[in-house]
1. Could you check, for the stretch 89-111, whether at least one of its residues is closer than 26 Å to residue 12 by Cα, modelled with pLDDT under 85, exposed (fewer than 13 other Cβ atoms within 10 Å of the Cβ) and out of contact with any strand residue (DSSP E or B) (no Cβ under 7 Å at 6 or more places or on another chain)?
2. As an exercise: evaluate residue 117 against (1) more than 17 Å from residue 13 (Cβ to Cβ); (2) at pLDDT below 90; (3) in contact with a strand residue (DSSP E or B) (Cβ under 8 Å, 6 or more places away or on another chain) and give the number of the one condition it does not meet.
3. For the stretch 69-88, give me each residue that is modelled with pLDDT under 90, crowded, with 18+ Cβ neighbours inside 10 Å and within 21 Å of residue 37 (Cβ to Cβ).
């Protein structure tokens, strides 16, 4: 019964995968990742984690030199993937979120380690 309840709950939520592939020179930068204002994890190099959230408007923010945010909508049962990408800012590296499609995310995740979300 618990397994059925768990499957029903997942069908009503959104599974969000947050991945951080190779960072090269930006590996020392591991900013917090916030989803709708709450810290859900860190952008750890070569890592991936998932969070299950209620559907609706999503705002993903990574804090580093400059706050960059990604906003999108997600419906019940959807799986969405956000990559923590690295770019060079004015003085230091910065991490910014970008939405990627499922096929691309799965290819990248094959080489990443599960880091777990913030509890």
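The values are calculated or read from the model by the stated rules, or taken from the named source; none is laboratory data. Treat the numbers as computed from the prediction; the structure is a model and nothing was measured. Glycine also receives a Cβ, built like all others from the backbone with ideal geometry; neighbour counts cover every protein chain displayed.
1. There is no residue in the stretch 89-111 that is closer than 26 Å to residue 12 by Cα, modelled with pLDDT under 85, exposed (fewer than 13 other Cβ atoms within 10 Å of the Cβ) and out of contact with any strand residue (DSSP E or B) (no Cβ under 7 Å at 6 or more places or on another chain).
2. Every condition holds for residue 117 apart from (1).
3. To start, the set of residues in the stretch 69-88 that are modelled with pLDDT under 90 comprises 69, 84-88.
Keeping just the survivors that are crowded, with 18+ Cβ neighbours inside 10 Å gives 84-86.
The answer is 84, and nothing else.
One line per residue, one yes/no per condition, for (1) in a loop (DSSP other than H, G, I, E, B); (2) modelled with pLDDT of 75 or more; (3) in contact with a strand residue (DSSP E or B) (Cβ under 8 Å, 6 or more places away or on another chain):
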| residue | (1), (2), (3) |
| --- | --- |
| 5 | no, no, no |
| 30 | yes, yes, yes |
| 33 | no, yes, yes |
| 51 | no, yes, yes |
| 58 | no, yes, yes |
| 64 | yes, no, yes |
